[in-house]
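Report on one structure; see the data block that follows.
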Amino acid sequence: MSDVVLGARAITKTFPGTIALQDVDFDVHAGSVNVLIGENGAGKSTLMKILAGVERPTRGTITMADKPVSFASVRDAARQGIGIVFQELNLCPNLSVTENIFLGRDLTRAGFHIDRAAQRARTVELMRLLEHEIDADALVGDLMIGQQQIVEIAKALAEDARILIMDEPTSALSASEVEVLFKVIGELKRAGVAIIYISHRLEELIRIGDHFTVLRDGRLAAAATRDQVSIPWIIEKMLGSGEVVSRRAPAIPAGPAILEVSNLTLPRRGTLLAVDDVSVSFRTGEITAIYGLLGAGRTELFESLYGLRPGATGSVKLAGTELSGRSVSRRMKAGLLLVPEDRQRDGLVQNLSVGGNLGLASLRRFTRFFSISKADETPLLQQVIRQLHIKTAGPDAPITSLSGGNQQKVVIGKSLLTEPRVLLLDEPSRGIDIGAKAEVFSTMRDLADQGLAIVYTTSDLKETHAVADRILVMAYGRITADLRAEDATDEALVRASTLKLDEPAFA
């Protein structure tokens, strides 16, 4: 077709022990949103890495303007007009926002001197386009993950690419930020830019997609245009059936409070508090969702409970034992575990295997006379891999060989091996497809039915209802609503998440 600006034919990519892609065809249409769909491990990110020059195909051909092309590197692909927003943030935390955006492609005067003023002005312009007030001189490491996602998008927009790959660009964005991004995508379409868009939020895909391609188990499962596509169609093509794990009622009644928090407060820069005098308790056998917009204080609350924020004040008691002032390792030993939002930076060691990452937090369980007993460790690692349906060649496979969603499952599995009493999960479904998400939520229900207290954060309204027995809402560091799941309407949650500082919270 004349509007196809890039065509991939019979793309195959093999890794040791794994066939990531097999004979996949994919067309990219100019001035359109080209949606790529599939479960974690289906091969989406691998295909995008090939198109962006990160990986080379084992076999297959790529054409642009009917001419064969190959990309030796990301810079090589960029020179031919392909930019990418990676699912896992590709930023340098010790550099400023401006320095990250122009890293490796500085604007210069006379080809010699870096034009820092021009770079900063362009950064400010990009932030204005994305409707964000992120300081161009701020260190990326000081930004929240949602703000870092905005910087990653700005970095790609600065490329002036003809083909722009967006791999889970909204995974850490609030609803209002998603609206801004969609407006930018509309402007890019009108300018003739081809967007390749990957997301697990099916409503998003139906809303903005023009052409749809579905991968399953590394193969092409279906391709269609917008008028042929519906959410049931997507689910059926992704999973091979239209069934997704449904919500389950608790098998046991909620027990007594096991984690009790009183007057927890955490300052932030400026006059506002990141966590503002929070008092709350969590019960055994109960799943609690904490809903809120970006910057509401959900992550800061979890990090304060876990001992990662030394500036936090207040009382945190686990089964009657005071944890305030104790180290992270002491809190872990007491039975409090945190699954972090940023799995790459905070949850995984990239040069370890799948099994090495799974067992990292529970080495004392496998240590015999100052060495790790493989006979004790291996069965437990294999049990967790089966329990969480982690798609891997085995415990010895490199963690980098797994898809984003399967890496997230490894982080969760690592926590489960420590036998926690309270499990905190910060955005556990970030970057996970609908099938994997159902598995994770089912696992959370299983753990609660075993007597654990499960607390998870989300900025997705649908996820607040997916598995929770109780829903808390945070805004400006405060808990603004505490509702039973059956009483929590979307309207009530949205209203509570947008309460101003001078408005009273409600229960």
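Looking at the chain only, what percent of DSSP beta bridges run antiparallel? Nearest 5 please. Provide the component values of the computation, followed by the final result.
Working: 48 of 83 bridges.
In the chain, DSSP labels about 60 percent of beta bridges as antiparallel.
Could you work out how far apart the two model spin labels at ALA492 and LEU107 are, taking each label as a point 7 Å from the Cα in the direction of the beta carbon, and quote it in nm?
It is 5.1 nm.
Normalised by the residues of the stretch 92-158, what does the relative contact order come to in percent, with Cα pairs under 8 Å and at least six apart? Don't skip to the answer; put the middle values down first.
Values: 69 pairs, mean separation 31.1, N = 67.
So the answer I get is 46 percent.
If I take R0 = 35 Å and measure r between the Cβ atoms of VAL184 and ARG345 in this structure, what FRET efficiency does the formula 1/(1 + (r/R0)^6) give, to the nearest 0.05?
On the way: r = 26 Å, r/R0 = 0.74.
Plugging the Cβ-Cβ distance into 1/(1 + (r/R0)^6) gives 0.85.
Count neighbours as other Cβ atoms within 10 Å of each site's Cβ, and list the trypsin sites (Lys or Arg not before Pro) in the stretch 30-113 that are DSSP loop with at most 15 such neighbours. Working shown, then result.
Numbers: sites: LYS44, LYS49, ARG59, ARG75, ARG79, ARG105, ARG109; in loops: ARG105.
Here the sparse-neighbourhood loop sites are ARG105.
Within the chain, what's the longest stretch lacking GluC sites (Glu not before Pro) that sit in DSSP loops with no more than 12 other Cβ atoms inside 10 Å? Can you show the working numbers first?
Working: sites that count: GLU133, GLU243.
It works out to 244-507.
With equal scatterers on the alpha carbons only and no solvent term, can you work out the Debye log10 of I(q)/I(0) for the stretch 348-419 at 0.21 1/Å?
-0.81
Amide H to amide H, which residues 5 or more places from ILE114 or on other chains are under 5 Å from it, using H placed in the peptide plane?
For ILE114, whose amide H was placed from the backbone, the distant partners under 5 Å are ARG109.
Using alpha carbons only, what's the Rg to Rh ratio of the stretch 92-158 with Rh from Kirkwood?
Numbers: Rg = 11.3 Å, Rh = 11.8 Å.
For the stretch 92-158, the value is 0.96.
When only DSSP loop residues count, what chymotrypsin sites (Phe, Trp or Tyr not before Pro) in the stretch 84-124 have their Cβ near at most 11 other Cβ atoms within 10 Å? Walk me through the numbers on the way to the answer.
Details: sites: PHE86, PHE102, PHE112; in loops: PHE86, PHE102, PHE112.
Passing both the DSSP loop test and the Cβ count: PHE112.
Would you pull out the residues with amide H under 5 Å of ILE290's amide H, same chain only if 5 or more places away, H placed 1.01 Å from N?
TYR456, THR457, THR458, LEU472
Taking amide H positions as placed in the peptide plane 1.01 Å from N, state which residues far from LEU215 in sequence (5 or more) or on other chains have amide H under 5 Å from it.
Long-range HN contacts for LEU215: ILE37, GLY38, ALA221.
Can you sort SER401, SER371, SER304 so the residue with the fewest Cβ neighbours within 10 Å comes first?
Numbers: SER401 18, SER371 8, SER304 25.
With the sparsest Cβ surroundings first, the list reads SER371, SER401, SER304.
Roughly how many nanometres apart are two label points built 7 Å out from the Cα toward the Cβ at THR378 and LYS462?
Result: 4.2 nm between the two label points.
Over the chain, calculate the relative contact order: mean separation of alpha carbon pairs under 8 Å at least 6 apart, over the residue count, as a percent. List each step's numbers first, then the result.
Numbers: 1025 pairs, mean separation 80.2, N = 507.
The value is 16 percent.
Suppose a student asked you for the relative contact order of the stretch 348-419, using Cα pairs under 8 Å spaced at least 6 residues apart; what percent would you report?
On the way: 78 pairs, mean separation 35.7, N = 72.
Relative contact order for the stretch 348-419 comes out at 50 percent.
Explain nothing, just compute: Karplus ³J(HN,Hα) = 6.51 cos²θ - 1.76 cosθ + 1.60, θ = phi - 60°, for every residue of the stretch 61-75 in order, whole Hz, x for Gly and Pro.
Values per residue, Gly and Pro as x: 10, 10, 10, 10, 6, 6, 10, x, 9, 9, 10, 7, 6, 4, 5 Hz.
Just how large is the dipole of the stretch 348-419 about the Cα centre, in debye to the nearest 20, putting +1 at every Lys and Arg Cβ and -1 at every Asp and Glu Cβ?
Values: 8 positive and 4 negative charges, 12 e Å.
Computed about the Cα centre, the dipole is about 60 debye.
With a Förster radius of 41 Å, plug the Cβ-Cβ distance of GLU125 and ARG226 into 1/(1 + (r/R0)^6) and report the FRET value to the nearest 0.05. Before the final figure, lay out the partial values.
Values: r = 32 Å, r/R0 = 0.78.
The value I calculate is 0.80.
log₁₀ I(q)/I(0) of the stretch 396-439 at q = 0.17, 0.21, 0.29, 0.34 Å⁻¹, via Debye over equal Cα point scatterers, no solvent, to two decimals?
Debye output, listed in q order: -0.52, -0.76, -1.12, -1.22.
Just so you know, all these numbers are worked out from the coordinates, no wet-lab data involved. Keep in mind it's a predicted model, so treat the numbers as computed, not measured. Glycine also receives a Cβ, built like all others from the backbone with ideal geometry; neighbour counts cover every protein chain displayed.
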